[in-house]
Amino acid sequence: MDADAIEEGRRRWQARYDASRKREADFTTLSGDPVEPVYGPRPGDTYEGFERIGWPGEYPFTRGLYPTGYRGRTWTIRQFAGFGNAEQTNERYKMILEAGGGGLSVAFDMPTLMGRDSDDPRALGEVGHCGVAIDSAADMEVLFKDIPLGDVTTSMTISGPAVPVFCMYLVAAERQGVDPAVLNGTLQTDIFKEYIAQKEWLFQPEPHLRLIGDLMEHCAAGIPAYKPLSVSGYHIREAGATAAQELAYTLADGFGYVELGLSRGLDVDVFAPGLSFFFDAHVDFFEEIAKFRAARRIWARWLRDVYGARTDKAQWLRFHTQTAGVSLTAQQPYNNVVRTAVEALAAVLGGTNSLHTNALDETLALPSEQAAEIALRTQQVLMEETGVANVADPLGGSWYVEQLTDRIEADAEKIFDQIRERGLRAHPDGRHPIGPITSGILRGIEDGWFTGEIAESAFRYQQSLEKGDKKVVGVNVHTGSVTGDLEILRVSHEVEREQVRLLAERRARRDDAAVRTALEAMVTAARDGSNMIAPMLDAVRAEATLGEICDVLRDEWGVYTEPAGF
Ligand SMILES: C[C@H](C(=O)O)C(=O)SCCNC(=O)CCNC(=O)[C@H](O)C(C)(C)COP(=O)(O)OP(=O)(O)OC[C@H]1O[C@@H](n2cnc3c(N)ncnc32)[C@H](O)[C@@H]1OP(=O)(O)O
């Protein structure tokens, strides 16, 4: 790009920056020297390919979504939390909010994640262990007791039974007297990554996608700020994928949901802002920063050029980041604070919109209160002390980071080609039921291609660890330690007994005939193709349980078994 064009861009950015709201804060170095809100080429310099880098707040958004960067608003501190019953988790949420957490993020227990009630025999021993147990709308009400749902953005990490759980959240809001139309938050919902990596699906892919389409329709029509999908690379990465695979599979999944919305006749400029993303921040500092920058650029280009999005908001890739669980070690666990801080810094320098920092004891158990506080404070140290929120995309223009960003983008494009080809082979006539990328994803799920590719990468990494080419302190290098024992959070089995008792009590109190009628209406909608959200909401209002709702759908649609692959 020539010097005049660069200067013109700078003036455009400056005008938008001047017109934007900034935080009341001291934007100088620790020594008191002023810093600019963003840096670019020196006036008069040319820069080959600068249109791929650009200025913050404008296409292709490599340098961030807002002209102000974090000067307008810092990232949301969103700590993923949940354990025991709704009452215990409600206490933890109040602690997080009082300590300065910016939003809530619900972790559910395994039975809930699999759409089973706490008294299901398969739930035995799991209730309340890896997250909070939610059986019906009454639990959801307790979970958010004294937390105004209209004011706090809430993320819920659940995908198989995402839609019934979302209905419980809407009913909890109704019972608080909050108009569901004003709700703002995120539901994970992303089912592709369940088949690819995390394995918590309920049905075959097609009915899952149909339900997700219903959810997208419902939110686009009536809950404009709500993000019904958090397209997740985190689990793909944690399963052993490389950075480029994480990026490419996740964005391809995102394209799949765009195709789903379009196949429903929805307007991409209306529904695309409801697609948000979730990535891992692993320990290779620069590679991660490059991944985040490439993610924004690729998404904006595909949304504009392939799917026809016209507005900035529809081209924006907004993402949450969690530091890498797999990078934590059980050995010398205090070192995990350092790893997490480095990973969190990569997320921030990559322009994350929201961030969870892991607690140092998470390889061993759910975080203790003390470990959870250190994790939260890690973000606050970055945000308040280090000056990283003063300048947008401070690594923009670094030869290393720019070239890594280009390389990871090119790698992702190669993977998109592979996915597209698989789709073509699945439908050689070019008639894709949802869209070409979706066909490729579904084929790759059904024939085990994604899981095979990830397993291959995980294997290669493990070999390099065992050979000692890659090093992990405390594990294959510097192994002696004098650090002491940790306090471990243990969830009492009493939680399960109490939850089962409560559930029985609620079942005895409700109007069973109303539950049955509502469930039947839901099955009718499942069969006739009408949107299932309204009848599901009725079932939830009648206090139908999560297991009951999912069971009738399992009966209707059947369950999914993945292909065996070695
Ligand atoms: C591993 C584990 C497991 O499986 O077990 C998991 O999955 S845990 C998975 C946990 N997942 C999560 O926690 C997902 C979290 N995701 C989210 O919270 C969302 O989807 C998100 C990534 C879009 C972040 O949403 P957020 O509300 O926190 O933040 P936003 O970036 O949207 O910012 C809030 C509002 O401020 C505005 N805003 C932000 N920055 C600026 C700025 N500089 N200038 C002007 N406005 C700004 C935004 O446009 C938005 O307004 P407006 O709203 O008007 O646009």
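For Ala197, state whether it is assigned to a helix (DSSP H, G or I), within 14 Å of the ligand (Cβ to nearest atom) and of a type in the set (Gly, Ala, Ser). Working first, answer last.
On the way: assigned to a helix (DSSP H, G or I): yes; within 14 Å of the ligand (Cβ to nearest atom): yes; of a type in the set (Gly, Ala, Ser): yes.
Yes; evaluated as a whole, the condition is true for this residue.
Within the bounds of the range 278-288, is there any residue that is within 28 Å of Thr329 (Cβ to Cβ), touching a Leu at 6+ places or on another chain (Cβ under 7 Å), in contact (Cβ under 8 Å) with a residue 60 or more places away in the chain and away from the ligand (no atom under 12 Å from the Cβ)?
Here is the first cut: in the range 278-288, the residues within 28 Å of Thr329 (Cβ to Cβ) are 278-288.
Subsequent filtering for residues that are touching a Leu at 6+ places or on another chain (Cβ under 7 Å) retains 286-287.
Add one more test, that the residue is in contact (Cβ under 8 Å) with a residue 60 or more places away in the chain, and what stays is 286-287.
Now restrict to residues that are away from the ligand (no atom under 12 Å from the Cβ): 286-287.
Yes, the conditions are met somewhere in the range 278-288.
For the range 379-403, give me the residue count where each residue is in a helix (DSSP H, G or I) and open to solvent by 20 Å² or more (accessible area, probe 1.4 Å).
8
So, in the range 160-187, how many residues would count as being within 13 Å of the ligand (Cβ to nearest atom) and either part of a helix (DSSP H, G or I) or open to solvent by less than 10 Å² (accessible area, probe 1.4 Å) (or both)? Step through it out loud before you land on a result.
Looking only at the range 160-187, we keep the residues that are within 13 Å of the ligand (Cβ to nearest atom), and these are 160, 162, 182-187.
This time we only want the ones that are either part of a helix (DSSP H, G or I) or open to solvent by less than 10 Å² (accessible area, probe 1.4 Å) (or both), so: 160, 162, 182-183, 185, 187.
The number of residues fulfilling the criteria is 6.
Conditions (1) near the ligand (Cβ under 8 Å from one of its atoms); (2) under 22 Å from Cys130 (Cβ atoms); (3) not aliphatic (A, V, I, L, M), marked per residue:
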residue	(1), (2), (3)
Tyr47	no, no, yes
Pro56	no, no, yes
Thr62	no, no, yes
Tyr66	yes, no, yes
Lys94	no, yes, yes
Phe108	no, yes, yes
Pro111	no, yes, yes
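If I ask for residues that are closer than 21 Å to Leu404 by Cβ and part of a helix (DSSP H, G or I), which ones from the range 37-71 would you list?
Residues satisfying the conditions are Phe50, Glu51, Arg52, Gly69.
Of all residues in the range 72-92, how many are within 16 Å of the ligand (Cβ to nearest atom) and in a loop (DSSP other than H, G, I, E, B)?
Going through the range 72-92 one residue at a time, the tally reaches 8.
Can you work out which of the residues in the range 222-243 that are of a type in the set (A, V, I, L, M, F, W, C) and within 25 Å of Gly565 (Cβ to Cβ) is most open to solvent (accessible area, probe 1.4 Å)? Full working, then the answer.
Kept after step one, since they are of a type in the set (A, V, I, L, M, F, W, C), are these residues of the range 222-243: 223, 225, 229, 231, 236, 239, 241, 243.
Right, trim to within 25 Å of Gly565 (Cβ to Cβ) and you get 231, 236, 239, 241, 243.
Values: Val231: 0, Ile236: 0, Ala239: 44, Ala241: 8, Ala243: 3 Å².
In this case the residue turns out to be Ala239.
Would you confirm whether any residue within the range 526-543 is within 30 Å of Ala372 (Cα to Cα), hydrophobic (A, V, I, L, M, F, W, C) and surrounded by 15 or more Cβ atoms within 10 Å (Cβ to Cβ)?
Residues of the range 526-543 that are within 30 Å of Ala372 (Cα to Cα), as a first pass: none.
No, there is no match, as no residue in the range 526-543 is within 30 Å of Ala372 (Cα to Cα), hydrophobic (A, V, I, L, M, F, W, C) and surrounded by 15 or more Cβ atoms within 10 Å (Cβ to Cβ).
So, in the range 10-20, exactly how many residues are open to solvent by 90 Å² or more (accessible area, probe 1.4 Å) and in contact with a helix residue (DSSP H, G or I) (Cβ under 9 Å, 6 or more places away or on another chain)?
Qualifying residue count, the range 10-20: 0.
Give me the residue from the range 121-133 that is more than 12 Å from the ligand (Cβ to nearest atom) and surrounded by fewer than 19 Cβ atoms within 10 Å (Cβ to Cβ) and, out of that set, farthest from the chain's Cα centre (by Cα).
Per the stated criteria, the residue is Pro121.
From the residues in the range 97-106 that are open to solvent by 10 Å² or more (accessible area, probe 1.4 Å) and of a type in the set (A, V, I, L, M, F, W, C), which one is nearest to the ligand (Cβ to nearest atom)?
Filtering the range 97-106 for residues that are open to solvent by 10 Å² or more (accessible area, probe 1.4 Å) and of a type in the set (A, V, I, L, M, F, W, C), the one nearest to the ligand (Cβ to nearest atom) comes out as Leu97.
Output the residues belonging to the range 427-456 that are in a helix (DSSP H, G or I), touching a residue at least 12 places away in the same chain (Cβ under 8 Å) and surrounded by fewer than 18 Cβ atoms within 10 Å (Cβ to Cβ). Walk me through it before giving the result.
First, the residues of the range 427-456 that are in a helix (DSSP H, G or I): 436-446, 449-456.
Filter again for touching a residue at least 12 places away in the same chain (Cβ under 8 Å), leaving 436-446, 449-455.
Hits for the range 427-456 are Glu446, Gly452, Ala455.
What number of residues within the range 351-365 satisfy the criterion of being within 11 Å of the ligand (Cβ to nearest atom) and among the hydrophobic types (A, V, I, L, M, F, W, C)? Walk me through it before giving the result.
Going residue by residue through the range 351-365, those that are within 11 Å of the ligand (Cβ to nearest atom) are 351-356, 358, 362.
Those still in the list that are among the hydrophobic types (A, V, I, L, M, F, W, C) too: 355.
Of the residues in that region, 1 qualify.
Looking at (1) modelled with pLDDT of 95 or more; (2) open to solvent by less than 30 Å² (accessible area, probe 1.4 Å); (3) near the ligand (Cβ under 9 Å from one of its atoms), which is the only condition Pro41 fails?
Result: Pro41 fails condition (3) only.
Kindly provide the set of residues from the range 196-221 that are open to solvent by less than 30 Å² (accessible area, probe 1.4 Å) and within 30 Å of Val178 (Cα to Cα), ordered by number. Outline the logic, then answer.
Here is the first cut: in the range 196-221, the residues open to solvent by less than 30 Å² (accessible area, probe 1.4 Å) are 196-197, 200, 202-203, 205, 207-209, 211-216, 219.
Of everything in the range 196-221, those that are open to solvent by less than 30 Å² (accessible area, probe 1.4 Å) and within 30 Å of Val178 (Cα to Cα) turn out to be His208, Leu209, Leu211, Ile212, Gly213, Asp214, Leu215, Met216, Cys219.
Could you please find all residues in the range 1-36 being in a loop (DSSP other than H, G, I, E, B), within 30 Å of Trp302 (Cα to Cα) and away from the ligand (no atom under 16 Å from the Cβ)? Outline the logic, then answer.
Restricting attention to the range 1-36, the residues satisfying the condition of being in a loop (DSSP other than H, G, I, E, B) are 1-2, 20-27, 29-33, 35-36.
The next check asks that each one be within 30 Å of Trp302 (Cα to Cα); those that pass are 1-2, 20-21.
Within the range 1-36, Met1, Asp2 qualify.
The values are calculated or read from the model by the stated rules, or taken from the named source; none is laboratory data. A quick note: this is a predicted structure, and the numbers were derived from the prediction, not measured. Positions of Cβ are backbone-derived with ideal geometry, glycine not excepted, and every protein chain shown enters the neighbour counts. Just the protein is used for accessible areas: all its heavy atoms, side chains included, with ligands, DNA and RNA removed. Shrake-Rupley method; radii C 1.70, N 1.55, O 1.52, S 1.80 Å.
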